[in-house]
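**Student:** Before I ask anything, here is the structure I am working with.
Just so it is clear, none of the values below were taken in a lab; they were calculated from the coordinates. Keep in mind it's a predicted model, so treat the numbers as computed, not measured. Glycine gets a Cβ as well: all are built from the backbone with ideal geometry, and neighbour counts include every protein chain shown.
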């Protein structure tokens with residue numbers, strides 16, 4: 001077990017009616033004027049925005065609205081949000097939405113406090129040292145941004161999609177009401193299931209050993225998500241399944257499932273450049289295609305761990321004579337599960353053809369001059385292209 | 001899944017050499033003069049106190065020492081600690097020790113900030129509204145006090161052992177170096193294993209259903225502790241086993257293993273009056289005797305959940321015709337495990353005879369006028385005495 005820091009300061013208010021506590025919780029944190037940041041009109045149509053606004057008013061807080069966040073949240077709207085905060089003298093940013101809305105809100109909160117252009121710190125420059133108090137009302141179980149230290153923003157001009165990792169990214173408070181995910185489509189539910197599983201599996205698969213407690217927690221989470229995922233896809237208004245997916249999305253990406261491991265998030269890195277370059281690609285769908293292909297490319301370097309997942313999460317019987325067969329069987333079972341919940345599992349299903357590869361891999365590798373981060377050997381342009389090719393058909 | 005609040009603000013610095021970061025972390029939280037609170041001389045003999053003091057000095061912080069905390073921490077020392085804080089104008093309390101030291105430090109931190117006698121809020125009076133910044137350097141994997149919202153203090157005059165539950169009890173920062181537990185005796189290691197398991201199992205066993213994610217995490221933690229426990233007892237300097245036990249002790253009692261459940265901590269309540277009245281009884285040893293007896297008394301009311309534990313944690317095969325047999329088999333396997341790691345499993349092993357029952361049960365039930373908290377039917381004096389009698393021999 002490697003040394004680690006565990007820092008999850010976000011207070012989670014979980015359950016039916018959670019959003020009704022927004023006013024009191026924000027007020028307790030000194031908020032007086034709130035930027036309500038959201039996406040399209042769905043949070044208005046569903047009545048959620050009304051409930052949040054009523055809660056703020058009841059606590060004597062005023063607010064200003066800024067909607068319009070799209071998937072793969074855009075730098076231009078972050079800049080607009082910062083200007084809104086300045087103009088309206090906001091002292092708390094509250095995201096009402098999924099991962100894109102929350103990430104946009106995080107970037108706004110930092111930029112408003114820092115007083116400089118957000119792309120500086122998102123694109124790898126001097127990281128922010130302070131932020132504005134912010135929280136979330138979650139509507140999508142997927143990104144885990146409601147507790148995570150991550151934030152991903154896309155510069156729509158250059159198509160660069162970049163992530164900022166900092167403890168400042170952790171919200172002060174998050175309101176998680178599973179009912180607010182009842183209307184999420186089957187496809188988006190599937191994307192969320194895959195994304196949640198990936199946040200755990202990208203931490204799980206490292207050559208580090210002796211992380212039994214972390215492994216057991218990760219496997220428990222994956223099993224719970226596996227079963228709840230099937231139920232939520234079939235019965236979108238099953239509260240218990242939605243609750244499991246929602247809480248798992250937070251725990252999967254808040255550090256818990258990676259304590260004592262190094263991790264490189266290789267497949268996230270590979271995927272970001274697909275969805276960054278191709279607006280029609282959902283992050284979860286890209287991961288669904290790329291993860292099994294990546295796993296097939298690397299599993300022989302860590303048969304032990306891939307076999308462990310196969311046995312403990314995917315119900316495979318251990319082949320002690322040929323553990324590599326168990327390992328591969330587990331990867332196939334995982335891919336079959338992704339297919340079962342309606343996710344694409346091949347490049348074709350993603351709408352990508354071999355003619356698209358070069359642009360994406362060049363973005364990932366800076367035209368072949370850099371490797372992607374990886375804990376299973378160097379991930380250079382040739383190896384990444386091999387993964388793309390594996391993804392042309394089921395593993 | 002019931003609504004819940006998840007609030008774990010404690011930053012955990014985990015791993016080899018963690019205590020060397022104490023100075024910097026405390027300074028970052030505004031500390032200038034620290035009360036170092038500890039138990040007997042073991043932290044001085046081991047050199048740990050020197051390391052912590054060197055780290056504080058290096059960061060430019062001054063400190064004052066107050067040792068002498070004994071198991072079942074005493075009210076009188078809490079009062080002395082509050083006086084020391086006032087006299088020395090302390091602005092941070094740092095516990096260096098196990099659960100007793102940490103609980104004593106928590107009570108001191110609250111009393112110093114509140115300016116009133118600590119027994120008022122510990123014994124059930126008006127709860128504290130503020131506290132002094134405090135942290136922990138952990139030396140014993142057991143109580144989970146390094147992240148929990150609990151604090152248990154004993155009034156040595158009346159033998160009343162009482163717990164205070166408040167979010168103010170959560171430390172700002174905890175330093176967890178598994179090496180600092182290498183010298184813990186086999187017996188105390190066993191007590192810690194039982195206590196950690198109990199913090200999870202007292203949350204696990206409730207009639208609430210549909211808490212699959214929380215159950216899976218709990219079961220994963222129990223399996224990891226089960227295996228690491230055997231190793232740590234046999235090889236006290238096995239870093240990985242000690243690390244698993246240490247991290248599990250924190251996660252077991254920080255809320256994670258109970259999200260979405262109600263819980264009553266019945267067996268903790270029953271045990272507190274044994275160790276409160278009999279100084280020779282270690283809390284973990286008392287739990288080891290009482291939990292299986294309690295389980296045998298109640299399992300027919302929740303065969304489903306006891307069978308689930310038996311199958312998933314204790315490796316029993318499910319008897320679908322007679323699930324109650326599986327449930328009981330699991331309780332027996334758990335008790336056998338406690339015996340294997342050197343814990344007492346009967347009243348005799350605890351040094352208690354039937355002649356002692358009346359005093360203890362009268363303390364628990366206020367002379368038979370009150371029931372113990374319980375989620376499996378009323379726990380009155382007669383039923384508690386039945387549990388004591390079950391504990392006279394292995395279940």
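**Student:** Give or take rounding to whole Å, what are the principal axis extents of the alpha carbon atoms in the protein assembly as shown, in descending order?
**Tutor:** 84, 62, 50
**Student:** Out of all Cα-Cα pairs in the range A:283-369, roughly what percent, to the nearest whole number, are more than 21 Å apart? Could you put the intermediate results ahead of the total?
**Tutor:** Working: 1502 of 3741 pairs.
The calculated P(r) of the range A:283-369 puts 40 percent of pairs beyond 21 Å.
**Student:** Using alpha carbons only, how many degrees (0 to 90, rounded to 10) separate the axis of helix A:239-252 from the longest principal axis of chain A?
**Tutor:** Long axis of A:239-252 versus the principal axis of chain A: about 80 degrees.
**Student:** Just for the range B:11-181, what percent of DSSP beta bridges are antiparallel, to the closest 5? Present the calculation step by step, with values, prior to reporting the outcome.
**Tutor:** Details: 4 of 28 bridges.
DSSP beta bridges in the range B:11-181 are roughly 15 percent antiparallel.
**Student:** Among DSSP bridges having both ends in the protein assembly as shown, what percentage is antiparallel? Round to the nearest 5.
**Tutor:** Bridges in the protein assembly as shown are about 25 percent antiparallel.
**Student:** Given an 8 Å cut-off on Cα distances and at least 6 residues of separation, report the relative contact order of chain B as a percent.
**Tutor:** Values: 776 pairs, mean separation 59.6, N = 395.
Dividing the mean separation by the residue count of chain B yields 15 percent.
**Student:** Binning at 10 angstrom from zero up to the longest distance, how are the C-alpha pair distances of the range B:11-181 distributed in percent?
**Tutor:** Values per bin, smallest distances first: 11, 45, 36, 8, 0.
**Student:** For the range A:163-205 and the range B:348-395, what is the separation of their Cα centres, given in Å?
**Tutor:** If you average the Cα positions of each part, the centres end up 46 Å apart.
**Student:** If you take every DSSP beta bridge whose two residues both sit in chain A, what share of them, in percent to the nearest 5, is antiparallel?
**Tutor:** On the way: 5 of 29 bridges.
Here the antiparallel bridges make up roughly 15 percent for chain A.
**Student:** Further question: Just the Cα atoms of chain A, one point each, no solvent: what log10 I(q)/I(0) does Debye give at q = 0.11 Å⁻¹?
**Tutor:** Summing over Cα pairs of chain A leads to -0.76.
**Student:** Continuing with this model, one more query. Just tell me how shielded B:8-18 is by partners: mean number of partner chain Cβ atoms within 10 Å of each residue's Cβ, no decimals.
**Tutor:** Rounded to a whole number, the mean comes out at 5.
**Student:** Need one number: nm distance between label points at residue A:33 and residue A:378, each 7 Å from Cα along Cα→Cβ, rounded to one decimal.
**Tutor:** 5.6 nm
**Student:** List, shortest first and in nm to one decimal, how far the label point of residue B:58 (7 Å from Cα along Cα→Cβ) is from its counterparts in the other copies.
**Tutor:** 5.1
**Student:** At residue A:3, with labels set 7 Å past Cα in the Cβ direction, how many nm apart are the copies from this one, shortest first?
**Tutor:** 4.3
**Student:** Now a separate question. Any chance you could run the full-extension gain for residue A:356 through residue A:393? It's 0.36 nm times the residue separation minus the Cα-Cα distance, nm to one decimal. Kindly include the intermediate steps, with their values, before the conclusion.
**Tutor:** Values: separation 37, 0.36 × 37 = 13.32 nm, distance 1.62 nm.
Gain on stretching residue A:356 to residue A:393: 11.7 nm.
**Student:** Can you give the FRET efficiency to the nearest 0.05 for residue B:167 and residue A:366, using r as the Cβ-Cβ distance and R₀ = 41 Å? Could the numbers behind the result be given before it?
**Tutor:** Working: r = 47 Å, r/R0 = 1.16.
Calculated transfer efficiency: 0.30.
**Student:** Counting partner chain Cβ atoms within 10 Å of every residue's Cβ in A:236-245, what's the average?
**Tutor:** The shielding value for this peptide is 3.
**Student:** Moving on. Could you calculate the FRET efficiency of residue A:42 with residue A:280 from 1/(1 + (r/R0)^6), where r is the beta carbon distance between them and R0 is 22 Å, rounded to 0.05?
**Tutor:** The calculated FRET efficiency here is 0.70.
**Student:** Let me ask something additional. Under a plain spin-label model, where a point goes 7 Å from the Cα along Cα-to-Cβ, how far apart in nm are residue B:234 and residue A:209?
**Tutor:** 1.6 nm
**Student:** Fully extended, how many nm does the chain gain between residue B:24 and residue B:340 (0.36 nm per residue separation, minus their Cα-Cα distance)? Could you put the intermediate results ahead of the total?
**Tutor:** Details: separation 316, 0.36 × 316 = 113.76 nm, distance 4.21 nm.
In short, 109.5 nm is gained.
**Student:** Using Cα centres only, tell me the gap between the range B:9-77 and the range A:57-75 in whole Å.
**Tutor:** If we compute the Cα centre of each part, the gap is 44 Å.
**Student:** OK, next. Would you calculate a helix-derived [θ] at 222 nm for chain B, using -39,500 (n - 2.57) for each DSSP H run of n ≥ 4 and dividing by the full residue count, to the nearest 500?
**Tutor:** -15500 deg cm²/dmol
**Student:** If eta is 0.692 mPa s and T is 37 °C, what Stokes-Einstein diffusion coefficient results for the range B:186-390, Kirkwood Rh from Cα pairs, in µm²/s?
**Tutor:** 191 µm²/s
**Student:** Between residue A:16 and residue A:120, what is 0.36 nm times their sequence separation minus the Cα-Cα distance? Round to one decimal in nm.
**Tutor:** Answer, rounded to one decimal: 33.5 nm.
**Student:** Same structure, new question: Any idea what % of Cα-Cα pairs in the range A:53-111 are farther than 20 Å?
**Tutor:** On the way: 403 of 1711 pairs.
Here the tail beyond 20 Å accounts for 24 percent of pairs.
**Student:** Could you pull the copy-to-copy label distances for residue B:32, with points set 7 Å along Cα to Cβ, in nm to one decimal and sorted shortest first?
**Tutor:** Result for residue B:32, in nm, nearest copy first: 2.9.
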